[in-house]
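**Q** Okay, handing you the structure first.
The values are calculated or read from the model by the stated rules, or taken from the named source; none is laboratory data. Just so you know, these numbers come straight off a predicted model, no measurement behind them. All Cβ positions, even for glycine, are placed from backbone atoms using ideal geometry, and neighbour counts span all protein chains on display.
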Number of protein chains: 2
Amino acid sequence: MSNSEMSLKLEEIPVSEILPLLFKVSHFLQQEFEYELSLYDLPKQLTGSRIRVLLEISEAGSLRMNELASRLGIKARTVTQFVDVLEAENYIKRLPDPIDRRATIIELSEEVKPIIKKIDKASKSILDKFMNLLTEKEQSELKKILLKLYFLGSQDKK
Amino acid sequence: MSNSEMSLKLEEIPVSEILPLLFKVSHFLQQEFEYELSLYDLPKQLTGSRIRVLLEISEAGSLRMNELASRLGIKARTVTQFVDVLEAENYIKRLPDPIDRRATIIELSEEVKPIIKKIDKASKSILDKFMNLLTEKEQSELKKILLKLYFLGSQDKK
DNA sequence: TATTGTTATACTCTATAACTATA
DNA sequence: TATAGTTATAGAGTATAACAATA
């Protein structure tokens, strides 16, 4: 029995396979993402996860560490680790929160901004590569579905 | 600016956000998956990833370690590690391949089969939980899209 | 009392390189 | 020469528990 025969006849996948399928697709796309990023000469310690942390900070502009944790779906301890690494490389800054002295605010450094631009370029080319496989309609459908599922995910955490 | 205002106005997400969104959704769903599994009294060492390995073997019936590696999108070395752990717990068996003495074939043990049943139950309940958020049409659309993307992923590896 | 972030520690996932046995 | 899997080793991601500072 060949590989394709065995695992995936288009119309025969039951809905119950969606979850593992989503995990696999996500895994493969993350590998693509890291591979594609490796083609742009980014600093070697910038792994996929660290880049996702940077992008989250970039999107927010500035935010508290605990907010960063919740957006990334990871624990405070794990954020501390990412922040330690990224700060040591001067990609981000820790700033005191003026209205709560327990808290720490994170921002991108000026130095990292050109790197973010490169990452954006790389992301776009990866996206082109695989979004070409989908029709416009499928793309917007996918977007809609993912957003619905995302809201579930974030609500469940509270 | 509140959390929901900031990150996700439904119609404003550009297609370029699909990739990070997919990663996040997948991450949150994996956390749900592991949480839900923790409610069924499964052996504690059965992490999400190890369960995915078991399910892959279960689906195949029996397969070579290198085929397992390619289906999971991981390297031979990593498979060895999973197999070591799962075999030590008597969840799977290593068998010699009769037609190639370099190769090793993996099968589920009889003992693990009731555990697989439990895992299936847990999977279904997770699936119900979040598939309820989607219409029938969205579910089949999602399935179709993921399969398309999956084929890209697996083809790229060769 | 509760929350923010850190220190100390540990487990899991993943990989590369060098190697053995076999093809 | 090339492939299948292992040994040795290491880096990265994640977490829990105990704690200090602050709310």
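**Q** Considering only the range B:45-68, state which residues are within 12 Å of DNA strand D (Cβ to nearest atom), in contact (Cβ under 8 Å) with a residue 40 or more places away in the chain and of a type outside the set (Ser, Thr, Tyr).
**A** Of everything in the range B:45-68, those that are within 12 Å of DNA strand D (Cβ to nearest atom), in contact (Cβ under 8 Å) with a residue 40 or more places away in the chain and of a type outside the set (Ser, Thr, Tyr) turn out to be B:Leu63, B:Arg64, B:Met65.
**Q** Residue check: is A:Lys118 within 17 Å of B:Leu19 (Cβ to Cβ) and more than 15 Å from DNA strand C (Cβ to nearest atom)?
**A** On the way: within 17 Å of B:Leu19 (Cβ to Cβ): yes; more than 15 Å from DNA strand C (Cβ to nearest atom): yes.
Yes: the conditions hold for A:Lys118.
**Q** Residue check, B:Lys93 against (1) touching a strand residue (DSSP E or B) at 6+ places or on another chain (Cβ under 6 Å); (2) modelled with pLDDT under 95; (3) charged (D, E, K, R), all met but one. Which one?
**A** Going through the list (1) touching a strand residue (DSSP E or B) at 6+ places or on another chain (Cβ under 6 Å); (2) modelled with pLDDT under 95; (3) charged (D, E, K, R), B:Lys93 breaks only (2).
**Q** How many residues are within 9 Å of DNA strand D (Cβ to nearest atom), surrounded by 13 or more Cβ atoms within 10 Å (Cβ to Cβ) and charged (D, E, K, R) if we restrict to the range B:69-93?
**A** Looking only at that region, the number is 1.
**Q** Within the range A:73-92, track down each residue that is within 12 Å of DNA strand C (Cβ to nearest atom) and touching a residue at least 12 places away in the same chain (Cβ under 8 Å).
**A** Answer for the range A:73-92, where residues must be within 12 Å of DNA strand C (Cβ to nearest atom) and touching a residue at least 12 places away in the same chain (Cβ under 8 Å): A:Val79, A:Thr80, A:Phe82, A:Val83, A:Val85, A:Leu86, A:Ile92.
**Q** Kindly check whether there is at least one residue in the range A:55-68 that is under 21 Å from A:Glu34 (Cα atoms), within 15 Å of DNA strand C (Cβ to nearest atom) and surrounded by 12 or more Cβ atoms within 10 Å (Cβ to Cβ).
**A** Looking for residues that are under 21 Å from A:Glu34 (Cα atoms), within 15 Å of DNA strand C (Cβ to nearest atom) and surrounded by 12 or more Cβ atoms within 10 Å (Cβ to Cβ), one finds at least one in the range A:55-68, hence yes.
**Q** Go through (1) touching a Leu at 6+ places or on another chain (Cβ under 8 Å); (2) of a type in the set (A, V, I, L, M); (3) buried (at least 17 other Cβ atoms within 10 Å of the Cβ) for A:Ile116 and report which single condition fails.
**A** Looking at each condition in turn, A:Ile116 falls short on (3).
**Q** Return the pair list, or none, for Cβ contacts closer than 8 Å from residues in the range B:122-139 that are without any contact (Cβ under 8 Å) to a residue 40 or more places away in the chain to residues that are of a type in the set (Ser, Thr, Tyr), at least 6 apart or on different chains.
**A** B:Lys124/A:Ser16; B:Leu127/A:Ser16
**Q** Does any residue in the range B:4-26 that is more than 15 Å from A:Lys148 (Cβ to Cβ) and modelled with pLDDT of 90 or more come within less than 9 Å, Cβ to Cβ, of a residue that is hydroxyl-bearing (Ser, Thr, Tyr) and surrounded by 18 or more Cβ atoms within 10 Å (Cβ to Cβ) six or more places away or on a different chain, and which pairs are these?
**A** Between residues of the range B:4-26 that are more than 15 Å from A:Lys148 (Cβ to Cβ) and modelled with pLDDT of 90 or more and residues that are hydroxyl-bearing (Ser, Thr, Tyr) and surrounded by 18 or more Cβ atoms within 10 Å (Cβ to Cβ), the close pairs are B:Phe23/A:Ser26.
**Q** Can you say whether A:Ile106 is under 24 Å from A:Glu34 (Cβ atoms) and under 16 Å from the mean Cα position of the chain (by Cα), as far as the supplied structure shows?
**A** Against the criterion (under 24 Å from A:Glu34 (Cβ atoms) and under 16 Å from the mean Cα position of the chain (by Cα)), A:Ile106 does not qualify.
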